[in-house]
Amino acid sequence: MTEYANPARAGTSGIDAEGWLQGAQRHPSPNHDARPPGVPIDLLVIHNISLPPGEFAGHWIDDLFLNRLDPSAHPYFAAIAAIRVSAHLLIRRDGALIQYVSCERRAWHAGVSCFQERERCNDYSIGVELEGSDGIPFTEAQYRVLADCTRRLQARYPAITPARIAGHSDIAPGRKTDPGPAFDWHRYRALISGAGLV
């Protein structure tokens, strides 16, 4: 599980001036660009991902986000290997935290999307992927790290209020289903507030 050093070394949120979370492994993805000028970061989007679907561990998620996925390594990969996609953060099943894109940059995670009548959610959101799938419960370690990351992001970007945390399915209904019915929103929100901490 990721261990975080003293967040004061990277500011009060534990996120440095360039938008990198202290304690996260950095695997920089080329799949990002500049956010539109003057657009505040005010939405957090929760996703899930597993490659191949329903299988965990391995390097396939890295390979997808770093544009090196071998289309011949699995039948599923042939259809997605050429897609250019990324997220800001990934939380593995064991709680390991990986960052692919600076929070200050626009990661390509949301696709065609809309939140509260604002389209193009990539412009103003941060995307967090949980290693998992819609119908498989997420791990205790993932909830703990996700809650910690959320609090740190809210400290850095205070416009990300509790009401501005959404699932991918919320911003792309009918197209996306993640994080899915196995994601425990009540537990996650309790951990963010501190009510679920021991």
**Complete:** Ordered by number, the chymotrypsin sites (Phe, Trp or Tyr not before Pro) in region 62-93 that occupy a DSSP loop and have at most 15 other Cβ atoms within 10 Å are none
**Request:** Give the longest segment of the chain that steers clear of GluC sites (Glu not before Pro) in DSSP loops with at most 10 neighbouring Cβ atoms within 10 Å, not counting the sites themselves.
**Result:** 19-116
**Request:** Compare Ala172, Ala34, Ala17 in a GNM of the chain, Cα atoms joined below 10 Å, and give the one with the largest fluctuation.
**Result:** Ala34
**Message:** Expected output is a single nm value to one decimal: the length gained when fully extending between Trp185 and Arg120, i.e. 0.36 nm times separation in residues minus the C-alpha distance. What is it?
**Reply:** 21.0 nm
**Fill in**
Under the helix-only model (-39500 (n - 2.57) for each DSSP H run of 4 or more, divided by the residues of the chain), the mean residue ellipticity at 222 nm, to 500 deg cm²/dmol, is -5000 deg cm²/dmol
**Message:** Over all directions, the average projected area of the alpha-carbon convex hull for the chain comes to how many nm²?
**Reply:** 10.7
**Asked** Asp94 versus Arg26, label points 7 Å from Cα toward the beta carbon: distance in nm?
**Response** 2.3
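Enter the accessible area per residue of the chain (Å², integer; probe 1.4 Å; all protein chains in place).
Details: 8900 Å² over 198 residues.
Per-residue accessible area for the chain comes out at 45 Å².
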**Complete:** By accessible area (1.4 Å), largest first, Arg120, Arg175, Arg93 order as Arg120, Arg175, Arg93
**Item:** Computed E for Arg105/Arg175 - FRET, C-beta separation, R0 25 angstrom, nearest 0.05
**Value:** 0.55
**Message:** Can you give me the solvent accessible area of His32 with a 1.4 Å probe, rounded to the nearest 10 Å²?
**Reply:** 60
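Accessible area of the chain with a 1.4 Å probe: how many percent of it is carbon plus sulfur? List each step's numbers first, then the result.
On the way: 5020 of 8900 Å².
Answer for the chain is 56 percent, counting heavy atoms of protein chains only.
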**Asked** Using a simple spin-label model with points 7 Å from Cα along the Cα→Cβ vector, what separation in nm is obtained for Ile80 and Glu140?
**Response** 2.9
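The values are calculated or read from the model by the stated rules, or taken from the named source; none is laboratory data. Worth saying up front: this structure is predicted, and the values here are computed from it rather than measured. Virtual Cβ from ideal backbone geometry, glycine too; neighbours counted across all protein chains shown. Calculation scope for accessible area: heavy atoms of the full protein, side chains included, ligands and nucleic acids excluded. Shrake-Rupley method; radii C 1.70, N 1.55, O 1.52, S 1.80 Å.
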